[in-house]
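Just below is one structure, and these are the notes that go with it.
The values are calculated or read from the model by the stated rules, or taken from the named source; none is laboratory data. The structure displayed is predicted, hence computed values, not measured ones. All Cβ positions, even for glycine, are placed from backbone atoms using ideal geometry, and neighbour counts span all protein chains on display. Protein only, heavy atoms only, side chains kept; ligands, DNA and RNA dropped before computing areas. Shrake-Rupley method; radii C 1.70, N 1.55, O 1.52, S 1.80 Å.
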Amino acid sequence: MTPRQVSDDIRFMGRAIALARARMGQTWPNPAVACVIVNDGEVVSEAATAPGGRPHAEEQAAPAAGARAQGATAYVTMEPCGARSSGRTSCSHFLMEAGVSRVVVAAVDPSPFAAGRGVERLRKAGLEVETGLLAVEAAVLYEGYLHRVETGRPMVRISDTGDGFDARFAASAKADLTTELKRLGEAGYTRVWVGPGELADALAEQGLLTL
């Protein structure tokens, strides 16, 4: 790969990460993902997870690219799902069906509907797949999602505005906060916020606040 190709990969993945960041806090119960499809150095389509979590980024961007998806590269901020819990067409299938030949992924998805299955499915279909590009920069997009997968609870941070969060966490500081957060995790929440004060102090004392 030439230095120019590496530079282009970084630039287009950066564009995808920016698209996804702009959608953070609007896509519950799904994470904010973006897909940028590029052919001959030109962006032919791009999309991010729609408000409310559907449709996914790839199922918007792939059809929108039309014939120009043939032989194109897709830059995706999170691994395309290899299967859907609903049984609907997977994001991997949308990319394959569109004729994309290369997929560059920032973060691998740990959920049971991906967990490497998306990458594996793409490779089995003959697509070139690369993972980990700008993974550190993409981490903020999925830190809450990964936290929920690992703990069953959404990540909780202190915020003054709540920008980029799924919801505000409202509970009594004397409540069973772990149980309350587990309920939100079961409902699909990944990032919730609290303002400074008694509740934040209680969460911190119980190791439930991410600093």
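Which of the following residues is in a loop (DSSP other than H, G, I, E, B) and closer than 15 Å to residue 107 by Cα: 80, 51, 55? So the residue among 80, 51, 55 that is in a loop (DSSP other than H, G, I, E, B) and closer than 15 Å to residue 107 by Cα is 80. Does residue 32 satisfy being touching a residue at least 40 places away in the same chain (Cβ under 8 Å), in a loop (DSSP other than H, G, I, E, B) and open to solvent by less than 10 Å² (accessible area, probe 1.4 Å)? In short, yes.
Each row is one residue, and each column tells you yes or no for (1) loosely packed, with under 14 Cβ neighbours inside 10 Å; (2) in contact with a His (Cβ under 6 Å, 6 or more places away or on another chain); (3) in contact (Cβ under 8 Å) with a residue 40 or more places away in the chain.
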| position | (1), (2), (3) |
| --- | --- |
| 162 | no, no, yes |
| 166 | no, no, yes |
| 171 | no, no, no |
| 176 | yes, no, no |
| 179 | yes, no, no |
| 190 | no, no, yes |
| 193 | no, no, no |
| 197 | yes, no, no |
| 207 | yes, no, no |
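Report yes if some residue within the stretch 43-64 is hydroxyl-bearing (Ser, Thr, Tyr) and touching a residue at least 40 places away in the same chain (Cβ under 8 Å); otherwise report no. Scanning the stretch 43-64, I find no residue that is hydroxyl-bearing (Ser, Thr, Tyr) and touching a residue at least 40 places away in the same chain (Cβ under 8 Å), so the answer is no. Screening 136, 108 for residues that are touching a strand residue (DSSP E or B) at 6+ places or on another chain (Cβ under 8 Å), under 18 Å from residue 31 (Cβ atoms), surrounded by fewer than 19 Cβ atoms within 10 Å (Cβ to Cβ) and among the β-branched types (Val, Ile, Thr) leaves exactly one candidate, 108.
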